[in-house]
1. Does residue 172 count as within 16 Å of the ligand (Cβ to nearest atom), modelled with pLDDT of 95 or more, within 30 Å of residue 33 (Cα to Cα) and assigned by TED's automatic domain parsing to the domain that holds residue 122?
2. Residues of the range 237-294 being more than 13 Å from the ligand (Cβ to nearest atom) and not in a helix (DSSP H, G or I), which ones?
3. I'd like to check something: does the range 311-327 contain any residue that is farther than 13 Å from residue 176 by Cα, in a helix (DSSP H, G or I) and without any contact (Cβ under 8 Å) to a residue 40 or more places away in the chain?
4. Could you go through the range 79-86 and let me know if any residue there is assigned by TED's automatic domain parsing to the domain that holds residue 340, more than 19 Å from residue 155 (Cα to Cα) and surrounded by 16 or more Cβ atoms within 10 Å (Cβ to Cβ).
5. Residue 231 fails exactly one of the following numbered conditions: (1) over 20 Å from residue 176 (Cα atoms); (2) near the ligand (Cβ under 10 Å from one of its atoms). What is the number of that condition?
6. Look through 200, 192 and report the one residue that is surrounded by fewer than 18 Cβ atoms within 10 Å (Cβ to Cβ), modelled with pLDDT of 95 or more, away from the ligand (no atom under 15 Å from the Cβ) and under 23 Å from residue 13 (Cα atoms).
7. Taking the range 1-37, which residues are among the polar types (S, T, N, Q), within 16 Å of the ligand (Cβ to nearest atom) and either assigned to a loop (DSSP other than H, G, I, E, B) or exposed (fewer than 10 other Cβ atoms within 10 Å of the Cβ) (or both)?
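The values are calculated or read from the model by the stated rules, or taken from the named source; none is laboratory data. Bear in mind that the values here come from a model prediction, so they are computed numbers and not experimental data. All Cβ positions, even for glycine, are placed from backbone atoms using ideal geometry, and neighbour counts span all protein chains on display.
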Amino acid sequence: MTASKGLEGIVATQSAISSIIDDTLTYVGYDIDDLAENASFEEVVYLLWHQRLPKEDELAVLKQQLADNMSIPQEVLDHFKTYPIADVHPMAALRTAISLLGLYDEKAEDMSDEANYEKAIKLQAKVATVVTAFSRIRKGQEPVAPKTELGYAANFLYMLNGEEPEEIAIEAFDKALVLHADHELNASTFTARVCVATLADIYSGVTAAIGALKGPLHGGANEQVMKMLMEIGSEENVETYIREKLDNKEKIMGFGHRVYRKGDPRAKHLRAMSKKLTTLRGEEKWYNMSEKIESIVTGEKNLPPNVDFYSASVYHSLGIDHDLFTPIFAVSRMSGWTAHILEQYSNNRLIRPRADYIGPDLQKYVPINER
Ligand SMILES: CC(C)(COP(=O)(O)OP(=O)(O)OC[C@H]1O[C@@H](n2cnc3c(N)ncnc32)[C@H](O)[C@@H]1OP(=O)(O)O)[C@@H](O)C(=O)NCCC(=O)NCCS
């Protein structure tokens, strides 16, 4: 047996949800470029769950279901106030809160298709409330209840800031949600599928996925990109900073990808959004610095930016706290995780690969006093 380190090149399952072929990303056969320009996040959620676009009435039902399920138990809100350390990372709080929500769901262990679909709706609805409520509570603010008449993206921004967002912010945020919704067998989605392939419940699967997304090589990269931009501080420092990192063989966050070779098709949409929003806010420096970093890293290493690179300056321009960038990724990816979990349940087989053993040959047990 020979191992493929990081499972590179291994096809681990069949899926009808999303594909990456020749650097083109599709959700159920729809090019991400097409969806980014035309679809709302709710349409994409429906598409991922049902593998077809919704008709008008079906979309209206889904929007209503999401709005109706956004509130979370008071106990979960109270739980946010009990953390022993002040600066708990919002991804850790999210991971815990999603697991906690399972304890308040009478259908948590119900494995019927209907109950699992219902739980997917609840998770998609409540994840927005968890992230926004935690953000407010840690600042000593009261959580803001969702407005049922607002769409998903608008509701998220409203619950986060306590005021209705401008149209441009809703549009940008909705597009970012569309772009992050699914991505074939990425690390967190694979984690979710491995977990539920044991026939564990959907809360367990999603909690495991959040843990995987948290790492800087996956979803955690967007927060690290902003950290890097803040550290660099201004355009004239870019060249020295980046060249020093490259000389030290350090990774530049937001670049490279396991699957894409020519480039991540989502990045250009975020780049355009970053240019528009930073200009509008009079903070072009973040876009200009990002562009300069891109030209150096692409020139030196032939590594194109991935989805996380320009999403950092987009979220920053929307006034979002930097440590909420990865939780926002989770808010969007909840749709993909739950779609994959439902697909896994529908045609399940335990996922149990092998390891190429490289430890010592057969040994004889030695009693402790003779070692
Ligand atoms: C995404 C990522 C984890 C893919 O990793 P991978 O397929 O395992 O690729 P590797 O880490 O083995 O990298 C292959 C080579 O490219 C280099 N490389 C990859 N990403 C790099 C980056 N962001 N900056 C600098 N060099 C990078 C590696 O150093 C390695 O070079 P070497 O062969 O000379 O040692 C990797 O590109 C990375 O760490 N990127 C930064 C984190 C990030 O943005 N993650 C979000 C992904 S959407």
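1. no
2. Result: 262, 281, 282, 283.
3. The answer is no, given that none of the residues of the range 311-327 is farther than 13 Å from residue 176 by Cα, in a helix (DSSP H, G or I) and without any contact (Cβ under 8 Å) to a residue 40 or more places away in the chain.
4. Yes, the range 79-86 contains a residue that is assigned by TED's automatic domain parsing to the domain that holds residue 340, more than 19 Å from residue 155 (Cα to Cα) and surrounded by 16 or more Cβ atoms within 10 Å (Cβ to Cβ).
5. The one condition residue 231 does not meet is (2).
6. Answer to the check: 200.
7. If the condition is that a residue be among the polar types (S, T, N, Q), within 16 Å of the ligand (Cβ to nearest atom) and either assigned to a loop (DSSP other than H, G, I, E, B) or exposed (fewer than 10 other Cβ atoms within 10 Å of the Cβ) (or both), then 4 is the only one that fits.
Residue-wise test of (1) surrounded by fewer than 16 Cβ atoms within 10 Å (Cβ to Cβ); (2) touching a Leu at 6+ places or on another chain (Cβ under 7 Å); (3) modelled with pLDDT of 95 or more.
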residue	(1), (2), (3)
322	no, no, yes
327	no, yes, yes
332	no, yes, yes
335	no, yes, yes
338	no, yes, yes
341	no, no, yes
346	yes, no, yes
351	yes, no, yes
